[in-house]
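Peer 1: First the structure, which I've put down as structure tokens, then a few questions once you've had a look.
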Amino acid sequence: MKFGSLISTLGAAAMLAACASPASRFYTLGGSDARPVSSAPASFYFELAPVDMPQQVARNQLVVQTSPAQVRVLEEERWASLPGDEVRRALSADLTQQLGAIDVYGTPHPDAVPVYRVKVNVQRFESWPGAQAVIDAVWSVRAAGSDIVLTCRTVAQERVASGYDALVEGHRKAVGELGSAISAGMRSLGSLPHATATASAPAASAKGKGGGTAAKPASAPVLPCPVASAATTASSQ
């Protein structure tokens, strides 16, 4: 009787263990190597707006590609926060380190310091386990108060080993590549004289008694997009 009761108890315990949900694992795109941060005032600021992500991956669970037309949602493999927040946080840290600037999005800042507004729209965020991590993003940089905007596209493809840790690391490298392209674009925009912000200024006086014609406003310069190590195609306005 006692032996039978013991077997029943062990069997019930095994069934409960089998029914228990496996522990979830959480991943983040942050956690890059910390570098010393200068205490000197920044020469300019940037505002990185919330990052737009494709709806099919805008969830806490990792979404992996099983074919070009099929994905799998992993319930036990999760992002620490929504992917758009993860990308924005990692990208902000990369831009801060590469430019020596400060992300002041949603934060009061001195009006005398130049500010560059950055917008990123991720069109593809693909996770291919054991193959590659892909971030395809259209981004723009505009100096506050200027009509000149640089709009580019960066496609970052990183080969990854097997395992979800390697897949997340691949996305982290892809975000770093995107950050390098945006940093180069911001430097290019910052090299323009501030006078170019008046490219859309009103034309001179209209045709007068002397027969003079109004001068056409200067056209905004067309800036080339940075060339990244991965395929990068772009257009500037």
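Peer 1: Output yes when any residue across the range 27-34 is surrounded by 14 or more Cβ atoms within 10 Å (Cβ to Cβ), among the aromatic types (Phe, Trp, Tyr) and either modelled with pLDDT under 95 or more than 25 Å from the chain's Cα centre (by Cα) (or both), and no when none is.
Peer 2: No, every residue in the range 27-34 fails to be surrounded by 14 or more Cβ atoms within 10 Å (Cβ to Cβ), among the aromatic types (Phe, Trp, Tyr) and either modelled with pLDDT under 95 or more than 25 Å from the chain's Cα centre (by Cα) (or both).
Peer 1: Being within 15 Å of the chain's Cα centre (by Cα) and in a loop (DSSP other than H, G, I, E, B) narrows it down to one residue among Ser81, Ser180; which is it?
Peer 2: Ser81
Peer 1: Of all residues in the range 137-177 being at pLDDT 95 or above and part of a loop (DSSP other than H, G, I, E, B), which is nearest to Ser92 (Cα to Cα)?
Peer 2: Across the range 137-177, the extreme among qualifying residues is Val160.
Peer 1: A further question follows. Residue by residue through the range 107-137, note down the ones that are without any contact (Cβ under 8 Å) to a residue 60 or more places away in the chain, surrounded by fewer than 21 Cβ atoms within 10 Å (Cβ to Cβ) and touching a Ser or Thr at 6+ places or on another chain (Cβ under 7 Å).
Peer 2: Within the range 107-137, just Gly130 meets the criteria.
Peer 1: Considering the range 79-100 alone, what residues qualify as being within 16 Å of Tyr45 (Cα to Cα), small (Gly, Ala, Ser) and either crowded, with 21+ Cβ neighbours inside 10 Å or at pLDDT 95 or above (or both)?
Peer 2: Ser92, Ala93
Peer 1: A further question on this structure: Looking at (1) more than 25 Å from Leu99 (Cβ to Cβ); (2) within 14 Å of the chain's Cα centre (by Cα); (3) charged (D, E, K, R), which one does Asp165 not meet, given that it meets all the others?
Peer 2: (2)
Peer 1: Within the range 52-72, can you find the residues that are within 13 Å of Tyr164 (Cα to Cα) and either crowded, with 19+ Cβ neighbours inside 10 Å or hydrophobic (A, V, I, L, M, F, W, C) (or both)?
Peer 2: If the condition is that a residue be within 13 Å of Tyr164 (Cα to Cα) and either crowded, with 19+ Cβ neighbours inside 10 Å or hydrophobic (A, V, I, L, M, F, W, C) (or both), then Leu62, Val63, Val64 are the ones that fit.
Peer 1: (1) assigned to a loop (DSSP other than H, G, I, E, B); (2) of a type outside the set (Gly, Ala, Ser); (3) under 12 Å from Leu178 (Cβ atoms): which one isn't true of Val122, the others all being true?
Peer 2: Checking Val122 against (1) assigned to a loop (DSSP other than H, G, I, E, B); (2) of a type outside the set (Gly, Ala, Ser); (3) under 12 Å from Leu178 (Cβ atoms), the one that fails is (1).
The values are calculated or read from the model by the stated rules, or taken from the named source; none is laboratory data. Everything numeric in this text was worked out from a predicted model, so none of it was measured. Positions of Cβ are backbone-derived with ideal geometry, glycine not excepted, and every protein chain shown enters the neighbour counts.
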